[in-house]
1. For the pair THR20 and THR90, how long in nm is the line joining their label points, each one 7 Å along Cα→Cβ?
2. Quick one: check the C-alpha center-to-center distance for region 52-67 versus region 175-200, whole angstrom.
3. For region 86-200, just list the percent of Cα-Cα distances falling in each 5 Å bin from zero outward, please.
4. So for the chain, what percent of the C-alpha to C-alpha distances run longer than 31 Å?
5. Say the dipole of region 134-187 comes from +1 at the beta carbon of Lys and Arg and -1 at that of Asp and Glu; which of GLN168, SER155, GLY179 then lies farthest toward its positive end?
6. Enter the angle in degrees (range 0 to 90, nearest 10) between the Cα long axis of helix 91-101 and the first principal axis of the Cα atoms of the chain, meaning the one along which they spread out most.
7. With springs only between Cα atoms under 10 Å apart, run a GNM on the chain and tell me which of GLY86, GLY179, GLY73 wobbles the most.
8. Rank by packing, highest mean first: peptides 192-199, 130-137, with packing defined as the count of other Cβ atoms within 10 Å averaged across residues.
Amino acid sequence: MAPQLILASTSRCRAKLLDTIQIPYRAISPDYDEPPLAGESPQARSSRHAEAKAKSVATSANDLITPESIVIGSDQVAFLGSTMLGKPLTRQAAVDQLTATSGKWLAYVTAVCLYRDRKKIWQGRERFDIKFRSLTAKKINWYVDLDQPLDCAGSIKAEGLGLCLIEQMRGRDINTLYGLPIIMLMDALEDLGIAIESLL
């Protein structure tokens, strides 16, 4: 029997990515608050959060979880130099983030962790960078008011109107920027002996 994929997330964007490649899955919200740790690197933070999300769902008493289930935990961290940029949550914070990143490269690291039968079976990270155009205050305010990117790290919805703010991109998989590096996930499943076609 093909393993059942469980997405340990309520993110609409991550769900949409799995929908796009037509892999059946169920989404379950992880019971995890994502606490920060002082002095932690973006890479370490994304990996820690991804694992905690996957473990929370994989070890829960949810009847949807079986020994064959593969639970996918994912977490993304945006950073500008040594400064991590979280979700702005307020309009002013979004304006401030975009003002700070104007004309600069912003890096995103997205970690993925897989659990099966209550054990971690794989973990990895992918990076994707974007360079912002030189942004005027008028353009920043226009964008924030129109796109409302208050729940997006770095204050940009790059899968839509946010493309207007980007000058260059670099990285293997643009889905890393959207919160779930699909190419890396497919590689991991293949390495674990799970044929992609068996999931469709």
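Coordinate-derived values only; no laboratory data. Since this is a predicted model, take the numbers as computed values, not measurements. Please note: Cβ atoms are built from the backbone with ideal geometry, for glycine as well, and neighbour counts cover all protein chains shown.
1. 3.3
2. A separation of 19 Å, based on Cα centres.
3. All Cα pairs, binned at 5 Å, distribute as 2, 11, 19, 19, 15, 10, 9, 7, 5, 2, 0 percent.
4. Numbers: 4063 of 19900 pairs.
When every Cα pair of the chain is considered, 20 percent fall beyond 31 Å.
5. It is GLN168.
6. Relative to the chain, helix 91-101 is tipped by roughly 80 degrees.
7. Among GLY86, GLY179, GLY73, the largest mean-square fluctuation in the Gaussian network model of the chain belongs to GLY86.
8. Numbers: 192-199: 11.8, 130-137: 15.5.
Peptide ranking by packing, descending: 130-137, 192-199.
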